[in-house]
Amino acid sequence: MFENDQFNNDNQFIISYELLALLLWIIENEDDALSTLVKKAFASGLKDQIPHNTQMSDSHLLEEAQQAIIDFFSIMESHMIESIHEQSVQKALEKNLLPSIDQIDTANCDDETLRMSVENATNMPNNANETPKEALCRELLQNWNPSQEKLVVN
């Protein structure tokens with residue numbers, strides 16, 4: 001979500017396109033849920049927690065606001081990543097790839113490569129000439145970049 005240690009030189013943070021797309025989708029498709037959430041917040045005492053008669057020039061208030069925004073986007077991104085992972089696992093289940101995934105030696109293939117390969121294999125349209133296992137193996141070979149340190153030469 002953030003680049004260059006969370007902020008650029010102007011103390012601004014950068015939101016990933018995926019997170020921005022998620023926020024736009026929520027705004028467009030979950031207006032009623034957002035309205036209910038806001039009403040629930042005020043019914044639960046949010047109004048009493050909002051400071052009155054404060055100046056936005058107060059540096060402490062600005063820092064708190066900035067941290068709240070960062071926390072909000074971090075939580076949203078965390079939920080988004082979790083949902084993407086769950087969806088990927090569900091697609092792998094649907095295509096019956098788990099037995100094939102269990103056979104992969106993860107000592108020679110990092111988790112990110114495996115995740116990306118499973119995602120690509122499950123997102124591809126079904127090819128009549130290729131089984132899901134073959135698609136996964138092809139994706140693994142395309143994405144795998146073995147490091148020289150792990151190679152053992154006899």
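Things worth noting here:
- Residues that are surrounded by 10 or more Cβ atoms within 10 Å (Cβ to Cβ) and more than 22 Å from the chain's Cα centre (by Cα), drawn from the stretch 32-43: Ser35, Thr36, Leu37, Val38, Lys39, Lys40, Ala41, Phe42
- Among residues that are at pLDDT 80 or above, part of a loop (DSSP other than H, G, I, E, B) and surrounded by 11 or more Cβ atoms within 10 Å (Cβ to Cβ), Ile26 is not included.
- Failed condition for Ile101, given (1) assigned by TED's automatic domain parsing to the domain that holds Ile14; (2) without any contact (Cβ under 8 Å) to a residue 40 or more places away in the chain; (3) among the β-branched types (Val, Ile, Thr): (1)
- The set of residues in the stretch 85-105 being in contact with a helix residue (DSSP H, G or I) (Cβ under 8 Å, 6 or more places away or on another chain) and surrounded by 11 or more Cβ atoms within 10 Å (Cβ to Cβ) consists of His85, Ser88, Lys91, Ala92, Lys95, Asn96, Leu97, Leu98, Ser100, Ile101, Ile104.
- Helices (runs of 4 or more DSSP H) wholly inside the stretch 90-154 containing at least 3 residues that are modelled with pLDDT of 70 or more and more than 24 Å from the chain's Cα centre (by Cα): 132-143
The values are calculated or read from the model by the stated rules, or taken from the named source; none is laboratory data. Keep in mind the model is a prediction, meaning the values are calculated, not measured. When we count neighbours, we look across all protein chains shown, and the Cβ atoms used for this are built from the backbone with ideal geometry, even at glycine.
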